[in-house]
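The values are calculated or read from the model by the stated rules, or taken from the named source; none is laboratory data. Predicted model, so just to flag it, every value in this text is computed and none were measured. Cβ: placed from backbone, ideal geometry, glycine included. Neighbour counts: every protein chain shown. Heads up: the accessible areas ignore ligands, DNA and RNA and are worked out on the full protein's heavy atoms, side chains in. Shrake-Rupley method; radii C 1.70, N 1.55, O 1.52, S 1.80 Å.
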Amino acid sequence: MYQTPDWTPFQLFDVQQIWWESFGAENLPYIVVLRDGPAVRAIAPLQIQPTIYYGRPRRLLKFIGNHSEMDRPTILRNGDDSEAVDAIFAHLIRNADGWDSVLLYEQTD
């Protein structure tokens, strides 16, 4: 994680675990781990949150935590590994039937 250029302390495992235990009870964890053999190349700490949009129930895919509490959560990776980020997003696109909408705010280029 410390090699991720835009990581924040809010993405430390202990902080994520405390948030989940306090606020994540209704949500479904959706942690995407990209491996290169036995090595972890990237981790996307996501969740599927039940929510209501325009009076209808929806499944919202977003980072663990609320954007008003977290400071720009991101995909954890080793340096500027854009191929790993692309692979995570390709996985999300292939599996898009698992949620109705996505909120991944303030991501770097």
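Selection of segment 87-107 for residues being surrounded by 12 or more Cβ atoms within 10 Å (Cβ to Cβ) and acidic (Asp, Glu) yields only Asp100. Open to solvent by less than 100 Å² (accessible area, probe 1.4 Å) and at pLDDT 90 or above: does that describe Ile52? Answer is no for this residue. Among the residues making up segment 39-49, those that are closer than 17 Å to Ala87 by Cβ and either surrounded by fewer than 16 Cβ atoms within 10 Å (Cβ to Cβ) or not hydrophobic (A, V, I, L, M, F, W, C) (or both) are Ala39, Val40, Arg41, Pro45. Within segment 1-34, the set of residues being buried (at least 16 other Cβ atoms within 10 Å of the Cβ) and in a loop (DSSP other than H, G, I, E, B) comprises Thr4, Asp6, Trp7, Gly24, Asn27.
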